[in-house]
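Working notes, beginning with the structure itself.
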Amino acid sequence: MTLQSSAEQCAAYIKKHTSTLVVSHIDADGLTSAAIMGKALGRAGIEYDTRFVKQLDQKSLTMIADSNPELVIFTDLGSGMLEAISSLKLNAVISDHHQPKGTHKYHLNPHLFGINGATEISGSGVTYFLASAMGNNEDLANLAIVGAVGDLQHVKNGQLVGTNRSILEEGVRKGVLRYEKDLLLFGKQTRPVFKLLQYSSDPYLPGITGCEDASIEFLKRIGIRQHGEKWRRWIDLEPPEKQQIVSALIQLCLNSGAHACNVQRLVGEVYTLLSEREGTEVRDASEYSTLLNATARYDHADIGLGVCMGDRGRSFEEACNLLNDHRKNLVDGLTLVKEKGLVKMENLQYFDSGNKIRETIVGIVAGMCSSFVNNKELPIIAFADTDGGVKVSSRGNYDLVRKGLNLGAAIGEAAKAVGGTGGGHDIAAGAFIPAGAKEEFLRVLNRVIGGQVRR
């Protein structure tokens, strides 16, 4: 069996039902997954409701089971809870890309077919396969690419590869996507170019990030000028001006002793949604995914879903307002970590944000830390307090993965040892653990990672 034939089997089973509940994750990949599934179900004439969860655990699964749905479709989650889904006798289809634990009859997951769910296909990509098997839904490739970019699947190679690449090419043929090499900084469609530099947090630009005056001075020093009283956006600049800025930024990073990953995050392949208006946050896949994160991660998944479903009125306006706060929170979180520093153990490094960084964005902050931490030989573990315990997020790098690191397995084992739940990918994973369990969790995690990584 292949991913395609498995998708066809799951699609045929879905079509036997008249109504379903779609349950998805609260990030860009989860939102686009839910939207792809929703559009496919609507076009197939199947009624559906949508629900979003921060973490799929026994409590949330029990609540879902108590609502007695005819069918549940889990998108961008579920593979780590297959045994619990079966034990509750939930009639379910799982469309996910995280490392699976257990078995289920209608389970669509790339890892079952030798495809890497961390780099070759995202949750929205898997759901796109399912939607394509349900009917003529190739136009939804643009949402699948937004989800993949939101899941940072383009970062390792500077472009989307594997099954993501196939989805991208389908979108190009359908006329909904375009790709090209360009600057990777956030805001190319919407921000004055100096703001593009000032608010760059991934990568962190030494001496520029967080400082408006320094950003303007940098541009003036290399000969980039205002037009009248207004600064142009990146998309308004001429190609030689863009090249001049990129060259100067690369030199800045090299002169500042920044690590190679800093430079590599400056330029790469970018993805344009051709059906969206130029100069808006949804024209560029990276900006679109950040816009979505600014909704669901702040308890407004309905707004993000509305944007994915095509609402360019109220939902889009509210999402843009949330985005402003989201970007500020990320910069504040990054500043906090830089000021506090990271605590180093033998096989990991960590920071505990307490209640200073929201649990739903602490993982994003952890990922951004990699642009300035000196020690690349240790994965980054992040903690954030929640009402019911502690959220754990972790980020590695591909050098560590090649040496044996599997954060999904390590985080899952350490969380289970302290009465929590966790899992994810080899390069990034998360967990929820009880309050007061951090020290024991770290002890176990440090031991497990030490057993994985070849020094």
Looking only at lysines whose Cα falls under 22 Å of Lys174's and that sit 8 or more positions away or on another chain, we get Lys39
Subtracting the Cα-Cα distance of Arg221 and Asn157 from 0.36 nm times their residue separation yields 19.8 nm
Site Lys416, offset 7 angstrom along Cα→Cβ, radius 13 Å on amide nitrogen, limited to region 84-119, gives 84, 100-103
Taking a probe of 1.4 Å and leaving out DNA, RNA and ligands, the chain shows per residue an accessible area in Å² of 41 Å²
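How much length is gained on full extension from Lys89 to Glu180, taking 0.36 nm per residue of separation minus their Cα-Cα distance?
Stretched out fully, the Lys89 to Glu180 stretch lengthens by 28.1 nm.
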Other residues with Cβ under 15 Å from the Cβ of Gly450 give, with Lys and Arg +1 and Asp and Glu -1, a net charge of +3
Partner lysines whose C-alpha sits under 16 Å from that of Lys54, ignoring same-chain residues fewer than 8 away, are Lys391
When every protein chain stays in place and a 1.4 Å probe is rolled, Lys105, Lys156, Lys391 sorted by accessible area with the largest first are Lys105, Lys156, Lys391
Computed curve, region 80-224, Cα-only Debye sum without solvent term, log₁₀ I(q)/I(0) at 0.09, 0.10, 0.12 Å⁻¹, is -0.42, -0.50, -0.65
Neighbours of Thr103 by Cβ distance under 14 Å: Lys/Arg at +1, Asp/Glu at -1, summed charge 0
In whole angstrom, the spacing between the Cα centers of region 187-252 and region 288-315 equals 28 Å
Percent of all Cα-Cα pairs per 20 Å bin for the chain, counting from 0 up to the last occupied bin, reads 26, 58, 16, 0
Each label sits 7 Å from Cα toward the beta-carbon; between Leu336 and Arg447 the label points are separated, in nm, by 3.1 nm
Among trypsin sites (Lys or Arg not before Pro) in region 211-254, those in a DSSP loop whose Cβ has at most 11 other Cβ atoms within 10 Å are Arg225
Put Lys328, Lys54, Lys16 in order of accessible area, largest first, probe 1.4 Å, and you get Lys16, Lys328, Lys54
Note on region 190-331: the mean projected area of its alpha-carbon convex hull, in nm², is 9.2 nm²
With label points set 7 Å from each Cα along the Cα-to-Cβ direction at Lys356 and Ser166, the distance between them in nm comes to 4.6 nm
Listed by chain and number, the aspartates and glutamates with an alpha carbon less than 17 angstrom from that of Lys188, same-chain partners under 8 positions apart left out, are Glu180, Asp202, Glu212, Asp236, Glu238, Glu241, Glu269, Glu276, Glu278, Glu281, Asp284, Glu287
Any GluC sites (Glu not before Pro) in region 260-344 that lie in a DSSP loop and have at most 12 other Cβ atoms within 10 Å would be Glu278
When the charge dipole of region 403-455 is computed with +1 at the Cβ of Lys and Arg and -1 at the Cβ of Asp and Glu, the Cα pointing farthest to the positive end, of Gln452, Leu407, Gly420, is that of Gln452
Extension length gain for Asp213 and Lys376 (0.36 nm per residue less Cα distance), in nm, is 55.6 nm
Rounded to the nearest 0.05, FRET efficiency between Asp236 and Arg43 (Cβ-Cβ, R0 41 Å) equals 0.60
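Among rounded, prolate and oblate, which fits region 349-419 when a ≥ b ≥ c are the square roots of the eigenvalues of its C-alpha gyration tensor, a/c under 1.5 means rounded, and a/b larger than b/c means prolate? Don't skip to the answer; put the middle values down first.
Values: a/c = 2.58, a/b = 1.26, b/c = 2.05.
The shape class here is oblate.
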For region 1-95, shape from the Cα gyration tensor axes a ≥ b ≥ c, cut at a/c of 1.5 then a/b versus b/c, turns out rounded
Classified through the alpha carbon gyration tensor (a ≥ b ≥ c as square roots of its eigenvalues; rounded if a/c is under 1.5, else prolate when a/b is larger than b/c, else oblate), region 329-455 comes out oblate
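The values are calculated or read from the model by the stated rules, or taken from the named source; none is laboratory data. Just so it is clear, the structure is predicted and the values come from calculations on it, not from any experiment. Reconstructed Cβ throughout: ideal geometry from the backbone, glycine too, with neighbour counts over all protein chains shown. For the accessible areas, the whole protein counts, side chains as well, though only heavy atoms, and no ligand, DNA or RNA atoms are used. Shrake-Rupley method; radii C 1.70, N 1.55, O 1.52, S 1.80 Å.
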